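Reviewing the structure listed below.
The values are calculated or read from the model by the stated rules, or taken from the named source; none is laboratory data. Please read these numbers as outputs of a predicted model, since none were measured by experiment. Note: ideal-geometry Cβ built from the backbone for every residue, glycine included; neighbour counts use all protein chains shown. Keep in mind that these areas ignore ligands, DNA and RNA; they rest on the heavy atoms of the full protein, side chains included. Shrake-Rupley method; radii C 1.70, N 1.55, O 1.52, S 1.80 Å.
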Amino acid sequence: MEISGHCTFCEHKEFNFAKGNLCGLTQQKADFIKKCPKITFEANAKEEIAKINLEYKLLQEQKLKTIGHLIIFSIIGVVIILADIYFTQILFDAGWISTGSVIGIAIGMFFIGYAFTPYIKYTNANSVVKSQKQRMDDFFNLYDYNYDVNFEDDNYQTAVTLRRSKQKIR
């Protein structure tokens, strides 16, 4: 994680329009190598943890609906295409030539495209949120912290519990 990523979770972060993100203790830009020796996790960390984990949880709850949508509308599209081919063959055998087959195939393809749109959106959002969560988890592992999130609590200050090793921190 970049140095500025550490500041996202720290209580000492300050923003200056001229200089950007600054450390509130030194009034300078962060300049540590791997870990900040003065980092403090409180409200900012809890807010970021709650936000990222809530996005992750909501996305996981959406997975079943997205897959169901994909399956149902893909089946509808394939059935429309197969029915169109069948009825076009019947019309052709009866001596009729029709452009209905093109329209039927187009409608079937529309339903198949409609089936995949939410799935593609879900997979893109899922990869972004999983990446954010993994970076955050790696970050807290670097500082030897773990966290628990109680999603039933609406206040992120009390919903997130930070732990270091075996000691509980607020």
Inter-residue pairs, beta-carbon under 9 Å, first within 12 Å of ARG163 (Cβ to Cβ) and in region 129-147, second surrounded by fewer than 15 Cβ atoms within 10 Å (Cβ to Cβ) and of a type in the set (S, T, N, Q), 6+ apart: PHE140/ASN146; ASP144/SER165; TYR145/SER165; ASN146/SER165
Filter pass, LYS29 being surrounded by 12 or more Cβ atoms within 10 Å (Cβ to Cβ) and touching a Leu at 6+ places or on another chain (Cβ under 7 Å): yes
Residue check for ASN141: at pLDDT below 90, at negative phi and open to solvent by 70 Å² or more (accessible area, probe 1.4 Å): yes
Selection status of GLU42, closer than 21 Å to LYS133 by Cα, touching a residue at least 40 places away in the same chain (Cβ under 8 Å) and touching a Phe, Trp or Tyr at 6+ places or on another chain (Cβ under 8 Å): no
Residue match in region 25-41 (condition: on the phi < 0 side of the Ramachandran plot, in a helix (DSSP H, G or I) and either of a type in the set (D, E, K, R) or at pLDDT below 80 (or both)): no
Test: residue in region 118-138 that is under 14 Å from GLY77 (Cα atoms) and among the β-branched types (Val, Ile, Thr): no
Complete set of residues in region 56-109 that are hydroxyl-bearing (Ser, Thr, Tyr) and in contact (Cβ under 8 Å) with a residue 40 or more places away in the chain: TYR56, THR66, SER74
Hits in region 33-84 - residues which are open to solvent by 50 Å² or more (accessible area, probe 1.4 Å), under 19 Å from ASN146 (Cβ atoms) and in contact with a helix residue (DSSP H, G or I) (Cβ under 7 Å, 6 or more places away or on another chain): LYS35, GLU47, TYR56
